[in-house]
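The values are calculated or read from the model by the stated rules, or taken from the named source; none is laboratory data. What you see is a predicted model, and the numbers here were worked out from it, not measured in a lab. Here Cβ is always computed from backbone atoms with ideal geometry, including for glycine, and neighbour counts include all displayed protein chains. All accessible areas refer to the heavy atoms of the entire protein, side chains included, with ligands and DNA or RNA removed. Shrake-Rupley method; radii C 1.70, N 1.55, O 1.52, S 1.80 Å.
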Amino acid sequence: MAKAQPPLQLVLDEITECARASEAFGKVADYIPELAGVNPGQFAIAIARPGHPTLVAGDSDVPFSIQSVSKVFMLALALGKLGDQLWSRVGREPSGQSFDSMLLLELEKGYPRNPFINAGAIVTTDAVLQGSSPRETLGSLLRFIRAAAGDETIHINDRVAQSEIATGHRNFALAHYLRSHDNLKNPPELTLGTYFHQCAVEMTCTQLANAGLFLVGGSRTPRLVSEARIRRINALMMTCGHYDGSGDYAFRVGLPGKSGVGGGILSIVPGVASIAVWSPGLNHYGNSKLGTEAMEQLTTRTGWSVFGPHMTKGG
Ligand code: GLN
């Protein structure tokens with residue numbers, strides 16, 4: 001006789017069914033040629049909770065390009081290396097502009113608003129890179145992510161990185177502009193080579209949910225950053241993790257989250273769970289369209305929201 005499914009598993013299965021029935025995927029990120037051919041019909045969701053097996057549904061074992069979700073891990077490394085000195089180079093305010101915007105950077109003299117827009121992430125990577133090589137920096141990043149996920153197989157897809165090196169003119173523009181304000185310490189090619197490889201980390205939804213456990217906190221999660229830093233990283237994910245769609249994500253989902261143009265989203269229920277969702281099609285903010293809708297359904301059904309009134313353990 002089949003064992004009864006736990007309610008949370010049922011919720012995941014239903015959300016996946018609903019996403020699979022939709023054809024309003026949004027548009028895959030074709031400005032990175034290597035990502036242009038990804039099948040937009042794929043969908044996966046995974047929930048990792050301390051002390052529980054990770055629950056998954058959909059294409060949860062298909063690796064995808066985590067892209068800007070990598071900025072969370074690089075920020076954790078940068079805070080470990082520089083502590084509060086990082087804030088002399090990058091701010092912590094939402095930008096209200098698209099992830100690759102140049103606009104505020106000129107007005108604000110090369111001081112990016114936050115570490116999650118591209119300009120701020122490039123500065124963050126540059127800070128970690130200072131005094132070491134791209135190979136060492138990417139090695140530290142992979143070690144961090146593998147330790148967080150408890151999975152040694154996580155790797156970088158060099159083809160995706162090369163594809164961005166060949167076409168990432170906007171990021172080159174941002175890096176050179178930062179350099180003109182002395183807010184880039186390494187040669188732009190070196191920092192960007194590192195940044196593009198960091199964005200090209202590939203993970204499955206299951207691996208990404210597990211990798212987010214270090215931001216859930218508590219005694220049964222990997223202790224890679226302090227509790228105080230966990231709170232700060234989550235705060236930045238809430239206010240800036242979805243760029244100019246951050247307010248909308250907070251309103252609809254109510255959790256800290258970080259998106260990437262590969263269609264992945266990592267969201268944290270503090271003290272409770274790490275959730276990863278993946279659907280490659282993007283909305284007009286450049287965030288996963290069906291992924292955001294799935295997160296909204298999940299938090300509506302579980303009551304998971306940092307805005308209360310009751311934070312349940314769910315399922
Ligand atoms: N590598 C991508 C870029 O720099 C990351 C952007 C994203 O995921 N929002 O354009």
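Observations
- The lone exception for residue 11 - which of (1) under 29 Å from residue 169 (Cα atoms); (2) surrounded by fewer than 23 Cβ atoms within 10 Å (Cβ to Cβ); (3) in contact (Cβ under 8 Å) with a residue 40 or more places away in the chain it fails: (1)
- Selection of helices (runs of 4 or more DSSP H) fully inside segment 118-171 by the criterion of at least 1 residues being more than 16 Å from the ligand (Cβ to nearest atom), in contact with a strand residue (DSSP E or B) (Cβ under 8 Å, 6 or more places away or on another chain) and at pLDDT 95 or above returns 134-149.
- Annotation note: of 212, 254, 193, 260, the sole residue that is at pLDDT 95 or above and closer than 16 Å to residue 307 by Cα is 254.
- Matching residues in segment 172-196 - criterion: being open to solvent by 40 Å² or more (accessible area, probe 1.4 Å) and either within 12 Å of the ligand (Cβ to nearest atom) or on the phi > 0 side of the Ramachandran plot (or both): 172, 173, 182
Rundown of residues vs (1) touching a residue at least 40 places away in the same chain (Cβ under 8 Å); (2) out of contact with any Gly (no Cβ under 9 Å at 6 or more places or on another chain), yes/no style:
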| site | (1), (2) |
| --- | --- |
| 126 | yes, yes |
| 131 | no, yes |
| 145 | yes, yes |
| 148 | yes, no |
| 152 | no, yes |
| 167 | yes, yes |
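- Every test in (1) within 14 Å of the ligand (Cβ to nearest atom); (2) part of a loop (DSSP other than H, G, I, E, B); (3) open to solvent by 10 Å² or more (accessible area, probe 1.4 Å); (4) not charged (D, E, K, R) is passed by residue 50 save one, and that test is (1).
- For segment 218-315, the strands (runs of 3 or more DSSP E) that sit wholly inside it and include 1 or more residues that are more than 16 Å from the ligand (Cβ to nearest atom) and open to solvent by less than 50 Å² (accessible area, probe 1.4 Å) are 264-269, 273-278.
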